[in-house]
Amino acid sequence: MSKALQTSEVAALWYIRLKDKEADAPERGEFERWLMTSPVHQAEYESICSTMDQLATPDSLAKLADAMEQNSFLQKSAKRQKVVKHIAHIVAICAVGLFALFANKQYEVWLQQPVAQSVAHNPVGNITTHTLEDGSRVTLSGNSDMDVTFYRHQRHVVLKRGEAIFEVAKDADRPFVVETDIAKITVLGTRFAVNKLSKLVRISVDHGRVQVEPNSQTSETSTNAKRLTNGQVVEVYPNKAVVITQRRAVDAFAFVNGKLIFEWADAYEVADVLSRYRKQPVVAEGQSPHNISAIVSVKDAEEFLDGLPNIVPVVVHDRAGQTIISSKQL
């Protein structure tokens, strides 16, 4: 295939792609770069546009149909033959382009069809480990929920509530993506923990590499994304802020061994975590400074909660089936 013919094909495909696009469509930037690369590109594209404009009028289409029906259109002149050959080539390219678009849509539909799905609900006070279809392991803390969906191009988990440790099997062709309502974590193979708290989501990496970004459909997510590696911790907030902290990543994995580690936590974090290990949920109210640091055994959670007013200025009391931690008025 000649270079001129290749340029003609590319020009025709650009005509197809941009025919119904808006003036500010993202593809137009790429098209303009291609167009300015060579005068040959400009000439080929102008030729195709001119030819298609001529064909677009009812009179031209009627004449073309009549001429083709009488089998005389190709015999009038060498110049006319060249034009028709060019048109036939464009029509063939258009057909290929339409087929390619259809095939691409079908391929996207095929990719979006789940190949495996599961749901895990971990009751209050339980710690369980689940082995997924690809060999990845997920350890859920108490009162934690997740939905797992595997596609041909991606492994996807939604952590709806609670805390989980992920040990991800490597698969370069299928990234492992974990989402909460405000955070999105993408990884190929690593061990990390996700703690969904009421005011933030905390991601701690034991080893490997992950990318963390706000869970949003807007373009701002790419600028806010952070890449983490061994021992790093990041927190994602509802306002889309993504902040790397100086916390110890290893603390996030302690619940597997029955330990709850609080480091400069507020009452809201304490309430979220303790609610995973007691039937009556704990709720925090009012202002709470980040001044609670403690290592608590899960079996001693009740004793810790009862003694919390001795550590920080709060009041702990029961109300309407909940245990309330409220700030003490000084």
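Spin-label model, residue 224 to residue 121: label points 7 Å out along the Cα-to-beta-carbon direction sit 3.1 nm apart. Of 295, 185, 311, the order by accessible heavy-atom surface (1.4 Å probe, DNA, RNA and ligands excluded), from most exposed downward, is 295, 311, 185.
Once you reduce region 124-147 and region 261-306 to the center of their Cα atoms, the two points are 22 Å from each other.
Which entries of 199/328; 240/279; 226/299; 226/328 show an alpha-carbon separation above 30 angstrom in the structure shown? Over 30 Å Cα-Cα: 240/279; 226/299; 226/328. Computed packing ranks the peptides 200-209, 33-42 as 200-209, 33-42, most packed first, by mean other Cβ atoms within 10 Å. Summing charges over all other residues whose Cβ lies under 14 Å from the Cβ of residue 323, with Lys and Arg as +1 and Asp and Glu as -1, gives -2.
Taken over the Cα atoms of region 213-278, the convex hull encloses 115 Å³ per residue. A simple spin-label model places the labels of residue 49 and residue 137 6.2 nm from each other, with each point 7 Å out along Cα-to-Cβ.
What the Cβ-Cβ distance of residue 33 and residue 130 gives, at R0 = 51 Å and to the nearest 0.05, is a FRET efficiency of 0.60.
The values are calculated or read from the model by the stated rules, or taken from the named source; none is laboratory data. Just so it is clear, the model here is predicted, and its values are computed rather than measured. Note that each Cβ is placed from the backbone with ideal geometry, even for glycine, and that neighbours are counted across all protein chains shown. Note: areas computed on protein heavy atoms with side chains; ligands, DNA, RNA excluded. Shrake-Rupley method; radii C 1.70, N 1.55, O 1.52, S 1.80 Å.
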